[in-house]
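Below is one structure; the comments refer to it alone.
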Amino acid sequence: GGDLFAAAVLAGAALLFATRRRFETRRAPGGAAWTRLAPRTARERIRLGYGTTNILRRTGILYASLTYVSTDTEAEVGTNNPYAAIQQFGGTVKHAAREATFRWADEGAATTKDGKRVGSKLRFASEGVDTHTRAIAAYEVTIPARPYLGIDADDVAELTAIGEDWIAERIGAAR
């Protein structure tokens, strides 16, 4: 009956905790380490100030979207994030060819005393007169699977303990 709902809530909370822990340890259910960032991705993340340790937590959006739902008979953990599946299962993202408009800024690029060019005059377009449209070729990005959803032996042990506690409470209340 309805009294199983409390056990389902505990099960959902336990699975959510285990899923979030996988983000922190960068390990799949079962303990396999996630694939490291590609060197190019690592360099870009360092350049942007994000670092390379939190592989799926650059913005925190995917991590924050993890949730669980419990009913009288089950608990589910998941996310409604649109890019969650590509992170879980891996795959190739295809970017179509497109055009982009750039503008040349009056400021930004300079030449040092020794003649070395620093900075860039290239900026993404906003309103302005010095705009140039350039073609950007189609390209693909392959993202390795980094599983975070799933149930492993540790989760089964935790769920079993929750179930055994629920049964023990019912037996004790019946006496």
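A few remarks follow.
- Shape category assigned to segment 1-91 from the gyration tensor of Cα positions, a/c cut at 1.5: prolate
- Close amide H pairs (under 5 Å, H built 1.01 Å from N) link residue 150 with no residue at least 5 positions away or on another chain.
- Accessible surface ranking that places the most exposed of 83, 148 first, with a 1.4 angstrom probe: 83, 148
- Calculated from backbone phi, Karplus (6.51, -1.76, 1.60) coupling profile of segment 5-10 in Hz, x at Gly/Pro: 4, 4, 5, 5, 5, 4
- Along segment 48-65 the Karplus relation, 6.51 cos²θ - 1.76 cosθ + 1.60 evaluated at θ = phi - 60°, assigns HN-Hα couplings of 7, x, 8, x, 10, 7, 8, 4, 9, 10, 4, 9, x, 5, 4, 4, 5, 7 Hz to successive residues, with x for each Gly and Pro.
- Residue 23 accessible area, assembled protein chains, probe 1.4 Å, Å²: 0 Å²
- Rolling a 1.4 Å probe across all protein chains gives residue 26 an accessible area of roughly 80 Å².
- Given charges at beta-carbon only (K, R positive; D, E negative), |dipole| of segment 2-56 in Debye: 500 debye
The values are calculated or read from the model by the stated rules, or taken from the named source; none is laboratory data. Remember, it's a predicted structure, so these values are computed and weren't measured experimentally. Cβ coordinates were reconstructed from backbone atoms using ideal geometry, including for glycine residues, and neighbour counts include every protein chain displayed. Each accessible area value is taken on the protein alone, full model and side chains, heavy atoms only, with ligands, DNA and RNA left out. Shrake-Rupley method; radii C 1.70, N 1.55, O 1.52, S 1.80 Å.
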